[in-house]
Every structure is written in structure tokens, then in C-alpha cells.
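The values are calculated or read from the model by the stated rules, or taken from the named source; none is laboratory data. This is a predicted model, so every value here is computed, not measured. Here the Cβ positions follow ideal geometry from the backbone for every residue, glycine too, while neighbour counts run over all protein chains shown. Quick note on the areas: whole protein, heavy atoms, side chains included, nothing else; ligands and nucleic acids left out. Shrake-Rupley method; radii C 1.70, N 1.55, O 1.52, S 1.80 Å.
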Amino acid sequence: QAHMGDPNPPISAKWDSPSGYVYTWRWELGRPHVAFYGTVVAKKPPWVAFDRLPCVLAAMMDRRNPAEAYAAGELSKNAFDLTKAFEGTEGVLSTKELRARAGLERATYLKAVEELDSRLWLAKRFFDEGSGDEMSHALISRHYPDAHQEAIAMTPLEGLVKLL
């Protein structure tokens with residue numbers, strides 16, 4: 001309301017609308033690969049500075065790989081299919097492409113993403129070039145291999161202590 005100077009502003013979910021402009025920091029940080037953006041707190045994706053990412057992962061991520069969790073019956077087939085959709089790619093897929101490669105309907109796709117997010121296996125990315133608000137996704141173990149390996153080398157308690 002303050003930004004637009006209107007007590008009852010029209011709301012638009014587009015990044016380049018007057019109401020969307022308030023949130024441009026989200027895309028500005030996301031495009032140049034400035035910080036990690038993933039579901040960490042209360043099912044919400046905050047930004048995490050890269051120097052803190054190994055600590056966050058060590059303290060909170062599921063340390064198994066998706067195949068192990070799927071074999072143990074603790075990961076749905078749809079979520080496992082999402083992880084396999086990255087095979088043969090450069091590791092970053094748009095939401096549209098990831099959903100198509102996995103062959104999932106919207107509701108099923110969202111549930112599978114939530115499963116991967118809750119284990120800190122999936123990161124959200126914004127496209128580096130162009131404009132718009134299309135998000136992409138990447139497997140953390142592939143897209144942030146150094147942070148992932150550093151996290152695996154710590155115990156969850158060590159990660160938490162370093163984070164705090």
C-alpha cells in the first residue's frame with residue numbers, strides 16, 4: 001500500500017507489476033546466484049548465504065540419497081521420479097520442464113516437490129538471464145556439490161553449532 005500510494009491497490013502476481021515490484025529483491029538475488037533459496041524454515045524458502053549453506057544442510061538435510069529413501073519406502077515414486085528427471089541434464093530445470101520430464105500433473109508435482117524440499121534435496125533457482133519470474137529447480141547434491149560434501153563431513157550437531 002505504501003509503495004503504490006493507494007490504500008486499496010490492485011494486486012497482480014506479476015513481477016513487473018506495481019504490486020510485484022515490492023518483491024523484486026527476490027528475483028534480483030536469485031538471478032546472479034547470490035544465495036541459496038530453498039525450503040528451510042516452516043515450509044518457507046528463505047535466502048541462505050552460501051558460507052552458511054553447509055551448516056544449514058548439515059543440521060537439517062536428509063543425508064541419504066533419493067534411491068535409498070525410495071528403496072526404504074520413505075519417498076514416493078513421484079518424488080523419486082522428479083529426482084530422476086534431472087538425469088542427462090545440466091542440473092537445473094524450469095518448473096515446466098521438470099514437471100514434463102517427470103510426467104506429473106500439477107497437484108502430484110507440487111506434493112513431490114514438497115517431499116524433496118522437506119529433505120533439503122531440492123533448491124529453487126531463478127533464471128540468470130532475461131526478465132520474468134519463472135523459477136527453476138536443482139538437486140542440491142548436484143548443483144551445490146561443495147556445500148553438500150562439506151555438510152556430509154559434519155554431524156548434524158556440528159552443523160547446528162556452526163550455524164548458531
Set GLU115, GLU74, GLU68, GLU150: member being under 17 Å from the mean Cα position of the chain (by Cα) and of a type in the set (Asp, Glu):
GLU115
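Only residues that are among the charged types (D, E, K, R), within 27 Å of VAL56 (Cβ to Cβ) and at pLDDT 90 or above: list them for the stretch 98-125, please. Full working, then the answer.
Residues of the stretch 98-125 among the charged types (D, E, K, R): 99, 101, 105-106, 111, 114-115, 117, 119, 124-125.
Next, from what is left, pick out any that are within 27 Å of VAL56 (Cβ to Cβ): 99, 111, 114-115, 117, 119, 124-125.
Those that are among the charged types (D, E, K, R), within 27 Å of VAL56 (Cβ to Cβ) and at pLDDT 90 or above: ARG99, LYS111, GLU114, GLU115, ASP117, ARG119.
Among SER141, SER136, which is polar (S, T, N, Q) and either more than 16 Å from the chain's Cα centre (by Cα) or at pLDDT 90 or above (or both)? Write out each step before concluding.
Working: SER136 fails: either more than 16 Å from the chain's Cα centre (by Cα) or at pLDDT 90 or above (or both).
The conditions single out SER141.
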Subset of the stretch 66-101 that is among the acidic types (Asp, Glu) and under 17 Å from LYS124 (Cα atoms) - its residue that is most open to solvent (accessible area, probe 1.4 Å)
GLU90
Given the condition more than 19 Å from the chain's Cα centre (by Cα), among the aromatic types (Phe, Trp, Tyr) and over 22 Å from PRO46 (Cα atoms), answer yes or no: does some residue in the stretch 84-96 qualify?
no
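Counting only residues that are free of Cβ contacts under 8 Å to residues at least 40 places away in the same chain and open to solvent by less than 70 Å² (accessible area, probe 1.4 Å), which one in the stretch 32-61 is farthest from HIS137 (Cα to Cα)? It would help to see each step written out before you state the result.
Narrowing the stretch 32-61 to residues free of Cβ contacts under 8 Å to residues at least 40 places away in the same chain: 34-35, 41-42, 44, 46-49, 51.
With open to solvent by less than 70 Å² (accessible area, probe 1.4 Å) added as a condition, the list becomes 35, 46-49.
Details: ALA35: 14, PRO46: 15, TRP47: 15, VAL48: 16, ALA49: 18 Å.
Top of the filtered list is ALA49.
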